[in-house]
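I have placed the structure first, in the form of structure tokens, so that the comments after it can refer back to it.
The values are calculated or read from the model by the stated rules, or taken from the named source; none is laboratory data. Treat the numbers as computed from the prediction; the structure is a model and nothing was measured. Here the Cβ is made from the backbone with ideal geometry for all residues, glycine too, and neighbour counts use every protein chain on show. SASA here: full protein model, heavy atoms, side chains in, ligands and nucleic acids out. Shrake-Rupley method; radii C 1.70, N 1.55, O 1.52, S 1.80 Å.
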Amino acid sequence: MAVVAARQLRSPAFRRRSPLRRHRSRLAAVGAPIIALLAGFALAGVIGLAWTTPASAQSFTYNPRPPRAKPAPVAHNGQMLVQAVEVDYDYNNQRVSAVGNVQMFYNGTSVEADKVIYDQKTKRLHAEGNIRMTDAEGKITYANIMDLSDDYRDGFVDSLRVDTEDATRMAATRADRSSGNYTVFENGVYTACAPCRDDPKKPPLWQVKGARIIHDQTEKMLYFENAQLEFFGVPMAYLPYFSTPDPTVKRKTGFLMPGYTSYTQFGYGIETPFYWAIAPDYDATFSPRFTTRQGVLLQGEFRQRLINGSYQIRAYGIDQLDPSAFTGQPGDRQFRGGVDTKGQFALSDKWTWGWDGVLLTDYYFMSDYRLAQYRDPLGSFLSLPTEAISQLYLTGVGNRSFFDARTIYYLSFSGFQDQVPVIHPVVDYSNVINYPIFGGEVSYKTNLTSLSRSTAAFDPITTLANTLGLCTTASADPLARIPSQCLLRGMPGTYTRLSAEAQWRKSFTDPFGQIWTPFAILRADAIDASISNQPGVSNFLPVGDTTALRAMPVIGLEYRYPFINVQPWGTTTIEPIAQVIIRPNEPYAGKLPNEDAQSLVFDASNLFSVDKFSGYDRIEGGGRANVGVQATTQFDRGGSINVLFGQSYQLFGLNSYAVADVTNTGLDSGLQNTRSDYVARVNYSPNRTYTFSVRSRMDEATLNINRFEAEGRATFDRWSVSMLYGNYAAQPALGYLTRREGLLGSASIKLATNWVVSGSARWDLEANKLNQYIIGAGYVDDCFVLAASYVTSYSYSAGTTPPVLSHAFMLQLGLRTIATSSTSAGPTGLAY
């Protein structure tokens, strides 16, 4: 087979040969323009398209061509490789023709066709027959005929089809290019759905058709004429004309998808967002909402991305036409509005700083108009937030250290703003020293918390207090606000605490296999409080200025002795565990404010915690022993079971959990007695399909169940199910006057390859009522998402107040590469 260099075609000696030479050859050429012409047309007018598809057929059909053998890829060195059964050189007519299984390779792009002709007189390239072009990015263009000028300005392609790297498909009966800028696709069709494997001619799940699709390469816009959206080949929506940026454009000025809302207080509303791409690094969105009852709600958002971070600002405002719709509420005013902002920036690879900020004319504004700050992270109203956070923060993360400092302002949506603390600041730092000291690991951590609150926050813990409002009503008798009726959840005034803790720990194993872990902890706190003398506060805390210093030295020893038994069916490890902690009594027990240690759940997970309080404001004191046994079995054929049973003992000194503080933390926890309640857990997983877990806390004297949870999960190929049972004894000291018992179940089943139905329900066994249920269904595949869910729930409060019933509906629709939209209907209206 002859190999001829392209430079030979230009030599005088070669030109003096026969006017027509035929070579059945493989031609290697340098600088030839043919492949560039083909690639240029596709890149300029076809491959950049994001909306097209065939039209001769009434739906997108997929007819794969048989693959052709390809030689090894050519390096990107500027050379072009042409291979064909026959190459003809017609010097009289100045034409070069490649015929028969033509294959061209140039800088990562390949072209295959039955025949390619380049006319040097007219400077046009003509290719025909099973044309297939693959560019370096993986985009594949199919056509029957391609004809274009060598400057890419004019030309046409017949029977065009394009498969892109991101699995989108486009086709047209004909594409014409003119003026080097405009490409017109006749009968274009576009889809992001894969063809049916069993029947490639079957219409895809969805496709967009257009009688004419015009691509303006300069403006980077696509203009559709007589467009329609089809599902399974059935037209569902028709638009006589619309335009959209081509897929090469990530940001484009123009109108976005409108939204619809309905709410009693403002009537029906339509929102028409307008996006303004101001510059590559910043943009703005204006979203006026036109309502039938209150007028126009103006909304605007500005975003900017900088080298080391980004920020955004959103503003809202409305001059209400009918403020009386909010009579008796904070919204009964003419002008309402707000501003919220957030940003985050990197100072280095380890340090970041940022902020969140919210400012409103009234705390009901976000909820009344269903704005972004009032929605949950999913964009719905199924779980409505109670507050918005304004904060400024600095965070650093090292290999074995962590730093976080922030100042926080909580904006309450419930109207009790004066009872919400302002934190200025809270600082946390922890570090593990990366070298041993006295043979053990040393770590330390610090916390600084400073906060203020205008008004005391009380919670009722009895039916009488809740019914008469003894703890919450401002006009109530201050003498009735006593620890037997109320909890002081938040003290009025200012409170500052600085805490520091250092810990040393070392583990070693003796010759008998026993594991000994001695440890030592030193904790110190400096507290300064100025407590306002508001009604009832003096019944809980000393009012006025309070300064306290407290230190807590701790030494302890943890002992484990694992026994291992190996059998043909598996390995079992039984491990007795004992922990002895020696320390003095808790200084100022119950006499200081408690802001961050109000939650305490005693179970097997924290049985061996040295300090079981959840925050810094309380610190465990007195000698204590934690004892238990743990057994773990690993089965050779898969599966495991883990069992833990134990108890905690107050050895000497003051039991911190028996001392009532302003929130009664520790009382009714199971730790308030010298011998704690028994705690146990069983985790069993026979295989990857099933998991079971049981957690229990039993009274040490009567073995009555004080806390019990049983959970089971099963996951199969097509369905999954879970069930959680909870039984919790009354805790009068915390305001839970009766036993709570309930079931929470959920299940999902895959009805078909892409269809899923799911649901969950919560049953209050004490009240014998179903207080929440969720039903949902969805379809998900590689190009389409459809999901719908319905939620009904009851909100309960203490006392005799009846529960509040709420309903919510959510709908989500997504077409890959085109749009995703969601609709939600809340208890008092609709939000799209």
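Scanning segment 632-653 for residues that are crowded, with 17+ Cβ neighbours inside 10 Å and hydrophobic (A, V, I, L, M, F, W, C) turns up 641, 643, 644, 645.
Of all residues in segment 94-117, those satisfying the criterion of being farther than 26 Å from residue 163 by Cβ and not β-branched (Val, Ile, Thr) are 94, 95, 97.
Condition check ((1) open to solvent by 60 Å² or more (accessible area, probe 1.4 Å); (2) not in a loop (DSSP other than H, G, I, E, B)) across all residues:
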| residue | (1), (2) |
| --- | --- |
| 96 | no, yes |
| 101 | yes, yes |
| 105 | no, yes |
| 111 | no, yes |
| 118 | no, yes |
| 129 | no, yes |
| 133 | no, yes |
| 136 | yes, no |
| 142 | no, yes |
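Scanning segment 701-715 for residues that are under 18 Å from residue 602 (Cβ atoms) and among the charged types (D, E, K, R) gives 707, 709. The residues in segment 429-471 that are farther than 28 Å from residue 619 by Cβ, in a loop (DSSP other than H, G, I, E, B) and in contact with a strand residue (DSSP E or B) (Cβ under 6 Å, 6 or more places away or on another chain) can be counted, and the count is 0. Scanning segment 674-690 for residues that are open to solvent by 50 Å² or more (accessible area, probe 1.4 Å) and modelled with pLDDT of 95 or more returns 674, 675, 681, 682, 683, 684. Count of segment 179-222 residues, restricted to those that are on the phi < 0 side of the Ramachandran plot, open to solvent by 50 Å² or more (accessible area, probe 1.4 Å) and either in contact with a Leu (Cβ under 8 Å, 6 or more places away or on another chain) or part of a strand (DSSP E or B) (or both), is 3. State all residues of segment 692-704 that are in a strand (DSSP E or B) and either in contact with a helix residue (DSSP H, G or I) (Cβ under 6 Å, 6 or more places away or on another chain) or open to solvent by 60 Å² or more (accessible area, probe 1.4 Å) (or both); if no residue qualifies, say none. Matches in segment 692-704: 692, 695. The conditions of being open to solvent by less than 30 Å² (accessible area, probe 1.4 Å) and either closer than 16 Å to residue 659 by Cβ or of a type in the set (A, V, I, L, M, F, W, C) (or both) are met by residue 607. Scanning segment 95-117 for residues that are of a type in the set (S, T, N, Q) and at pLDDT 85 or above yields 97, 101, 103.
Restricting segment 253-286 to residues that are of a type in the set (Ser, Thr, Tyr) and under 30 Å from residue 330 (Cβ atoms) leaves a set whose member that is modelled with the highest pLDDT is 285. Any idea which residue in segment 149-178 is farthest from residue 124 (Cα to Cα), counting only those that are assigned to a loop (DSSP other than H, G, I, E, B) and open to solvent by 50 Å² or more (accessible area, probe 1.4 Å)? This residue is 166.
Here residue 393 does not qualify as at negative phi, at pLDDT below 90, open to solvent by less than 60 Å² (accessible area, probe 1.4 Å) and in contact with a Lys or Arg (Cβ under 9 Å, 6 or more places away or on another chain). Here segment 610-626 is the region considered, the condition is being of a type in the set (A, V, I, L, M) and under 12 Å from residue 581 (Cβ atoms), and the residue that is least open to solvent (accessible area, probe 1.4 Å) is 625. Residue count for segment 461-517 satisfying the condition of being under 39 Å from the mean Cα position of the chain (by Cα), surrounded by fewer than 20 Cβ atoms within 10 Å (Cβ to Cβ) and not hydroxyl-bearing (Ser, Thr, Tyr): 6. Scanning segment 518-557 for residues that are small (Gly, Ala, Ser), within 30 Å of residue 486 (Cβ to Cβ) and open to solvent by 50 Å² or more (accessible area, probe 1.4 Å) yields one hit, 538. Quick one: would you say residue 293 is of a type in the set (Lys, Arg), surrounded by 14 or more Cβ atoms within 10 Å (Cβ to Cβ) and either at pLDDT 95 or above or closer than 29 Å to residue 391 by Cβ (or both)? Answer is no for this residue.
A single entry from 331, 317 fulfils the requirement of being surrounded by 15 or more Cβ atoms within 10 Å (Cβ to Cβ) and part of a loop (DSSP other than H, G, I, E, B): 331. Annotation: residue 146 fulfils all but one of (1) in contact (Cβ under 8 Å) with a residue 60 or more places away in the chain; (2) open to solvent by 20 Å² or more (accessible area, probe 1.4 Å); the unmet one is (2).
For segment 433-460, residues that are open to solvent by 40 Å² or more (accessible area, probe 1.4 Å) and in contact with a Lys or Arg (Cβ under 7 Å, 6 or more places away or on another chain) total 4. Given the criteria within 30 Å of residue 575 (Cβ to Cβ) and in contact (Cβ under 8 Å) with a residue 60 or more places away in the chain, does residue 461 qualify? No: the conditions fail for residue 461. When the strands (runs of 3 or more DSSP E) confined to segment 530-606 are screened for residues that are in contact (Cβ under 8 Å) with a residue 12 or more places away in the chain, those reaching at least 3 such residues are found at 544-560, 570-582. The sole residue among 562, 593 that is over 41 Å from the mean Cα position of the chain (by Cα) and of a type outside the set (Lys, Arg) is 562. Just give me the residues in segment 729-746 being open to solvent by 50 Å² or more (accessible area, probe 1.4 Å) and not polar (S, T, N, Q), in sequence order. If the condition is that a residue be open to solvent by 50 Å² or more (accessible area, probe 1.4 Å) and not polar (S, T, N, Q), then 732, 736, 737, 739, 740, 743, 744 are the ones that fit. If you go through segment 751-775 and keep only what is modelled with pLDDT of 85 or more, surrounded by 15 or more Cβ atoms within 10 Å (Cβ to Cβ) and within 16 Å of residue 719 (Cβ to Cβ), you end up with 756, 758, 759, 760.
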